[in-house]
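Worksheet for the structure shown next.
The values are calculated or read from the model by the stated rules, or taken from the named source; none is laboratory data. Fair warning: this is a prediction, and the values are worked out from it, not measured in the lab. Because the Cβ atoms are built from the backbone with ideal geometry, glycine has one as well, and the counts that use them run over all protein chains shown.
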Amino acid sequence: MSADEPVKTAKTEGTDWIATIWNFLTSLKLVVILLLILSALSIAGTVIEQNKPLQEYYRYYQPGTVALFSKLGLFDMYHSWWFVACLSLLALNITACTMDRYRGIMAGMRKRNLILDEKLSKSLQNLTTIRYALPLDAVEKKMVELAGKEFPGKPVVTAAEEGGSHYFFEKGKYSRLAFFMTHLSILIIFLGALIGSFFGYKGYVNIFEGETVSQVETRAGKIQNLNFQVKCNTFNAEFYASGMPMDYRSDLSILQNGKEVVRKTIRVNDPLTFEGVTFYQSSYGGQPDQVAIEAVSRDGSVKGTVTAPFGRVVDIPGMAEEVEAADYQEHFHLPDGSEGGRAVGVNIYPAKGGAPAGVWLLVNDPEYDKRRGGDTYFRVRDLKLKKYTGLQVNRDPGEILVWLGSILLIAGIMIAFFMSHKKLWISLRTDNKGRSELTIGGTANKNRDAFAREMEQMIQSLKEVS
Amino acid sequence: MTNSLLFGIATFVYFFAMVLYVSYLAFRSEMLGKVASRSMLGGVVVETAAIGMRWYESYQMGIGRAPLTNLYESLAFFAWTFAVIYLVLERKFKIRTVGAFVAPFPFLIMAYAALNPNDIQPLVPALKSNWLISHVVSCFVGYAAFAVSFGVSILYLFKAGSEKRSPKSAGSFWDFLPSSSGLDEIGYKTIAIGFPLLTIGIVTGAFWANVAWGTYWSWDPKETWSLIVWLIYAAYLHARITRGWRGKRAAILSIVGFAATIFCYLGVNLILSGLHSYGSAS
Ligand code: HEM
């Protein structure tokens, strides 16, 4: 540290214990330890799966362990009181450090020491004096030109008492603010996350093709009303030949007072935002709309056919029984555990009244119901599905702060690492033998070895001036 | 496929470069050193062609995507960034002697990549994003910088040890290496390159997750591990500001940081589960 550098803010005065707490909060040791503790704690949550239903944990752990972990908050550890306490301590630590350094950084940006005086000269390691046979103004011209390459902008010139002038160049003064940028940005991100969790919500909604919703269910299980309606015009899923998903897209409309105000096709990676609420393509599915059911006799002749709207009990023409398509599964599990594909759960109401019999009919295996026995079995002749799109719905008023903080953080780190506040002093005068004498010295608050090389080069070129 | 052939040649050239770097350290001939650096550069050139070719071939197949999306491709890209970063630093800091300890990585990474399936698969919807490239590239250049710092830090520990044992032994093997304070400085500077890149990688990743899934941070294992890595290097940077934490302790933190990096990159996929799925076989 050179004489030109501001000294770290002096130890806080006042009652001893306040000073002790302040010194604890502003110490770099605390930062290092806190950052390492946070990283060590974070590991736990990647090893223990988080936020699963409690009964799932019993499959992996002893009941006693589950009780203990649950009590310690290890199943939702990133929201546990001790993790949040560590984050709060970090926020406090950053706040205290920023306050502690504020004066020093501001002082460092002030123009001081415009003159290469004796005290300053002593502190500069690269102080060099060069003498020329040229007249003073010729040296000045060349010098300003050379220094101007590294330090654009006009130098501050002060006339020296004993003749000649002092020149003060500086560059990158504002890079000192990088400290505030990096550290305050973290507080801004924290603030954004807090605002999001208190004033935002994450929800979920399924919308059938052609239907409109105006409410979503939040993760917390509450119903959230929207100030507008969302309509799903169509949903499409496309697949590669290998069966891998290629594209999911929903054509959505936003309606206000029954009028369409926005229409957009959303995909994964391309959501729709309206009035601060964002809709993300998240899942999809189908529910039977109409099921054509056939009653077949053992010999294979069709006894009757009906097209049943889902969930309604209907007569089968020519038969005494009634049927209802009541349930649907996209991936039906056969009794042997294998996958049976799409299946419709049908209730068959006996002709003489009484409780219905429930059977599963497989779409891909029409003869599946035959094994039930009896002289009539049922099969699905046609299945019309009503598709729905599954949307994640978010409102996060804090998000903008998170991105603002992120940008500040990146910019601040870049500036902190790759820029520095450089100062250059040059004095010109005529020495007692009538020669022009130039004295030069400089400092940088960071990357000092790179600066030393730059200075060396500049001094070399100054020496070559003739 | 032409790209596979080119990747194969690149692997071989990296192997050759590794042998040369080790010979350079053993025989201390400047000539060998120059050839070693040139071969590493040759490996980079061939691999650049391989990556470009793979990109081009994906378009020919009608898939058309950046070659950065499965384990094979990410390892190959990691080897590439590693070699590039190392060559840049070798030039900048004149640390060719470190090469023997660092140059084996591109070969080893490529050899490991070769164990993984390398067919060009189309992308699932979540990966179709312009954020993919900026996210992956910044993370991986950051990782490569950390890897170089790791190599240099290990060397620092040996070198500092040898300086302690025999402060003035001239002509010993260790004298050929940069001084311990030089290694300490290089270890720091490489992290100063990696840290901003990792920060960009995490932020672009969060932004992408927000666009794709509607949450910028969900504490999934991959995200959390990238945060762990970030916290360790942040601790490193602050530790270095305090007196007494340079040198040995800083080197150890750099080594721990890189161990966490490797776990974040490979361990999470192989051992833990999460959204970032390219470690699984399918
Ligand atoms: C996650 C939290 C933090 C991050 C990411 C962070 C990041 C950084 C970065 C990137 C630098 C620049 C390093 C350099 O200039 O060489 C830095 C410097 C610094 N940080 Fe932090 N920091 C964090 C927390 C803290 C805290 C809590 C304190 C309070 C004690 C602190 C105090 C400092 C100090 C004193 C410097 C040196 C500034 C200078 O050289 O002028 N940091 N930090």
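Tell me, yes or no, whether segment A:219-226 has at least one residue that is outside any strand (DSSP E or B) and closer than 23 Å to A:Val402 by Cα. Yes, the conditions are met somewhere in segment A:219-226. Would a scan of segment A:52-60 turn up a residue that is under 24 Å from the mean Cα position of the chain (by Cα) and surrounded by 13 or more Cβ atoms within 10 Å (Cβ to Cβ)? Looking through segment A:52-60, at least one residue is under 24 Å from the mean Cα position of the chain (by Cα) and surrounded by 13 or more Cβ atoms within 10 Å (Cβ to Cβ).
Looking at segment B:232-244, is at least one residue outside any helix (DSSP H, G or I), more than 7 Å from every other protein chain (Cβ to nearest Cβ) and either buried (at least 20 other Cβ atoms within 10 Å of the Cβ) or within 13 Å of the ligand (Cβ to nearest atom) (or both)? Yes, segment B:232-244 contains at least one residue that is outside any helix (DSSP H, G or I), more than 7 Å from every other protein chain (Cβ to nearest Cβ) and either buried (at least 20 other Cβ atoms within 10 Å of the Cβ) or within 13 Å of the ligand (Cβ to nearest atom) (or both).
I'd like the full set of residues that are among the β-branched types (Val, Ile, Thr) and within 7 Å of another protein chain (Cβ to nearest Cβ), limited to segment B:202-214.
Filtering segment B:202-214 down to residues among the β-branched types (Val, Ile, Thr) leaves B:202-204, B:211.
B:Val203, B:Val211 - these are the residues of segment B:202-214 that are among the β-branched types (Val, Ile, Thr) and within 7 Å of another protein chain (Cβ to nearest Cβ).
Output yes when any residue across segment A:69-85 is free of Cβ contacts under 8 Å to residues at least 24 places away in the same chain and either within 16 Å of the ligand (Cβ to nearest atom) or in a strand (DSSP E or B) (or both), and no when none is. Within segment A:69-85, one or more residues are free of Cβ contacts under 8 Å to residues at least 24 places away in the same chain and either within 16 Å of the ligand (Cβ to nearest atom) or in a strand (DSSP E or B) (or both). Checking the conditions here, which among A:Glu170, A:Glu217, A:Glu150 is touching an Asp or Glu at 6+ places or on another chain (Cβ under 9 Å) and either of a type in the set (Asp, Glu) or in the same structural domain as A:Ala91 (by TED's automatic domain parsing) (or both)? The conditions single out A:Glu150.
Within segment A:40-64, being assigned to a helix (DSSP H, G or I) and of a type in the set (D, E, K, R) holds for A:Glu56, A:Arg59.
Being more than 8 Å from chain A (Cβ to nearest Cβ), crowded, with 20+ Cβ neighbours inside 10 Å, within 16 Å of the ligand (Cβ to nearest atom) and part of a helix (DSSP H, G or I) is a condition met by no residue of segment B:258-269. Here A:Ile440 meets the list (1) of a type in the set (A, V, I, L, M, F, W, C); (2) assigned by TED's automatic domain parsing to the domain that holds A:Leu116; (3) within 16 Å of the ligand (Cβ to nearest atom) almost entirely, failing just condition (3). Within segment B:182-224, the set of residues being more than 16 Å from the ligand (Cβ to nearest atom), part of a helix (DSSP H, G or I) and either within 16 Å of the chain's Cα centre (by Cα) or not basic (Lys, Arg) (or both) comprises B:Gly182, B:Leu183, B:Thr204, B:Gly205, B:Phe207, B:Trp208, B:Ala209, B:Asn210, B:Val211, B:Ala212, B:Trp213, B:Pro221. For A:Tyr280, the conditions (1) part of a loop (DSSP other than H, G, I, E, B); (2) touching a residue at least 40 places away in the same chain (Cβ under 8 Å) are fulfilled apart from (1). Answer yes or no as to whether B:Arg28 is within 22 Å of B:Thr190 (Cα to Cα) and modelled with pLDDT under 90. Here the answer is no, as B:Arg28 does not meet what is asked. Looking only at residues in segment B:42-101 that are closer than 27 Å to B:Ile154 by Cα and basic (Lys, Arg), the one that is surrounded by the most Cβ atoms within 10 Å (Cβ to Cβ) is B:Arg96.
Among the residues of this structure, A:Phe69 counts as one that is more than 14 Å from every other protein chain (Cβ to nearest Cβ) and at pLDDT below 90.
From the list A:Gly203, A:Gly210, A:Gly153, which one is crowded, with 17+ Cβ neighbours inside 10 Å and in contact with a strand residue (DSSP E or B) (Cβ under 8 Å, 6 or more places away or on another chain)?
Numbers: A:Gly210 fails: crowded, with 17+ Cβ neighbours inside 10 Å; A:Gly153 fails: crowded, with 17+ Cβ neighbours inside 10 Å.
Among A:Gly203, A:Gly210, A:Gly153, only A:Gly203 is crowded, with 17+ Cβ neighbours inside 10 Å and in contact with a strand residue (DSSP E or B) (Cβ under 8 Å, 6 or more places away or on another chain).
When A:Lys119, A:Lys141, A:Lys111 are checked against the criterion of being more than 28 Å from A:Glu464 (Cβ to Cβ) and more than 44 Å from the chain's Cα centre (by Cα), a single residue qualifies: A:Lys119. A:Leu252 passes every criterion in (1) more than 16 Å from the ligand (Cβ to nearest atom); (2) closer than 30 Å to A:Lys154 by Cα; (3) not assigned by TED's automatic domain parsing to the domain that holds A:Glu140 apart from (2).
Is it the case that A:Asp327 is of a type outside the set (Phe, Trp, Tyr) and not in a loop (DSSP other than H, G, I, E, B)? Here the answer is yes, as A:Asp327 does meet what is asked. Looking at segment A:95-113, can you tell me whether even one residue there is among the polar types (S, T, N, Q) and on the phi < 0 side of the Ramachandran plot? Yes. Counting just the residues of segment A:18-34 that are touching a residue at least 24 places away in the same chain (Cβ under 8 Å) and within 10 Å of the ligand (Cβ to nearest atom), which one comes out farthest from the other protein chains (Cβ to nearest Cβ)? By that ranking, first place goes to A:Leu25.
Answer yes if at least one residue in segment A:207-218 is more than 16 Å from the ligand (Cβ to nearest atom), closer than 30 Å to A:Ala85 by Cα and not in a helix (DSSP H, G or I), and no otherwise. Scanning segment A:207-218, I find at least one residue that is more than 16 Å from the ligand (Cβ to nearest atom), closer than 30 Å to A:Ala85 by Cα and not in a helix (DSSP H, G or I), so the answer is yes. Is it the case that A:Trp425 is hydrophobic (A, V, I, L, M, F, W, C) and within 14 Å of chain B (Cβ to nearest Cβ)? Against the criterion (hydrophobic (A, V, I, L, M, F, W, C) and within 14 Å of chain B (Cβ to nearest Cβ)), A:Trp425 does not qualify.
Yes or no, residue by residue, for (1) surrounded by fewer than 22 Cβ atoms within 10 Å (Cβ to Cβ); (2) within 16 Å of the ligand (Cβ to nearest atom); (3) touching a residue at least 12 places away in the same chain (Cβ under 8 Å); (4) not charged (D, E, K, R):
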site: A:Pro397; (1), (2), (3), (4): yes, no, yes, yes
site: A:Val402; (1), (2), (3), (4): no, yes, yes, yes
site: A:Ile426; (1), (2), (3), (4): no, no, yes, yes
site: A:Thr430; (1), (2), (3), (4): yes, no, yes, yes
site: A:Lys433; (1), (2), (3), (4): yes, no, no, no
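Scanning segment A:395-422 for residues that are within 14 Å of chain B (Cβ to nearest Cβ), closer than 30 Å to B:Gly194 by Cα and assigned to a loop (DSSP other than H, G, I, E, B) turns up A:Gly398, A:Met419, A:Ser420.
Kindly indicate which of A:Asp137, A:Asp117 is charged (D, E, K, R) and over 24 Å from A:Glu456 (Cβ atoms). Reasoning before the result, please.
Working: A:Asp117 fails: over 24 Å from A:Glu456 (Cβ atoms).
A:Asp137 is the lone residue from the list that is charged (D, E, K, R) and over 24 Å from A:Glu456 (Cβ atoms).
Here segment B:227-282 is the region considered, the condition is being modelled with pLDDT of 85 or more and of a type in the set (Val, Ile, Thr), and the residue that is nearest to A:Gln50 (Cα to Cα) is B:Ile228.
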